[in-house]
Amino acid sequence: MTSEQEGGRFEHVLDIATFELKPICIALRKLIRTLDPRFCELAWPKLKIASYGVGPKKLTQHYAYIAVHGSHINLGFYHGASLPDPDHLLEGTGKALRHLKIREMGTVKNKAIKSLLSAAIADRRPHATRT
């Protein structure tokens, strides 16, 4: 499922990113697609985010988001407070949300990011929409 039904597309969020940050967005989306080929993607260009989940319900079925900022990209996790983070990459103090700032492509290749995404997907998989 893509975000076209919601009025926004990943490309609209990508358009907001600077030239230097676009490849990071693309690489993160590719990593998510690799780990969860059946992902549901919703984009909210006004919020500068593309969100990913096992179904369309943001609060219960989404596991991660890509948020565009001026000098970095946030890879956020909706239920990040409960994820294993042995490398202490996640930032945030909220009840559930956590994120990490990505400023360069090399960071996307960090195995800990792949582990965080895999854990987040596995955490949300039981909440997948049954079809």
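Below is a table of values for the structure above.
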quantity	calculated
Assigned charges on the beta-carbon of Lys, Arg, Asp, Glu; the range 2-68 dipole about Cα centre (debye)	140 debye
Net lengthening on full extension, Lys22/Lys111 (0.36 nm per residue, minus Cα-Cα)	30.0 nm
Hydrodynamic radius (Kirkwood) for the chain, which is based on Cα pairs only, to one decimal in Å	14.5 Å
For the chain, built as a Gaussian network whose Cα springs stay under 10 Å, the top-fluctuating residue of Phe19, Phe77, Phe39	Phe19
Unsatisfied cross-links (Cα-Cα over 18 Å) in the set Lys48/Lys101; Lys30/Lys111; Lys58/Lys111	Lys58/Lys111
By average C-beta atoms within 10 angstrom, highest first, the peptides 111-121, 82-92	111-121, 82-92
Ranking of Tyr78, Tyr65 by count of other Cβ atoms within 10 Å, fewest first	Tyr78, Tyr65
Gain upon complete extension [Ala122, Lys46; 0.36 nm per residue less C-alpha separation]	24.5 nm
Exposure proxy order (Cβ contacts within 10 Å, fewest to most) of His62, His99	His99, His62
Charge dipole magnitude, Cβ of K and R +1, D and E -1 - the range 3-126, Cα centre, debye nearest 20	160 debye
Derived scalar couplings ³J(HN,Hα) [the range 48-65; Karplus, 6.51 cos²θ - 1.76 cosθ + 1.60; whole Hz; x for Gly, Pro]	6, 9, 10, 10, 10, x, 8, x, x, 7, 4, 6, 10, 10, 8, 10, 8, 8
Per residue, the convex hull volume that the Cα atoms of the range 58-120 enclose (Å³)	86 Å³
Residue-averaged [θ]222 nm for the chain, counting only DSSP H segments that reach four residues, each worth -39500 (n - 2.57)	-8500 deg cm²/dmol
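Each reported figure results from applying straightforward, stated rules to the coordinates on display, with no laboratory input. Computed from a predicted structure; not experimentally measured. For neighbour counting, all protein chains shown are included, and Cβ atoms are generated from backbone atoms with ideal geometry for every residue, glycine included.
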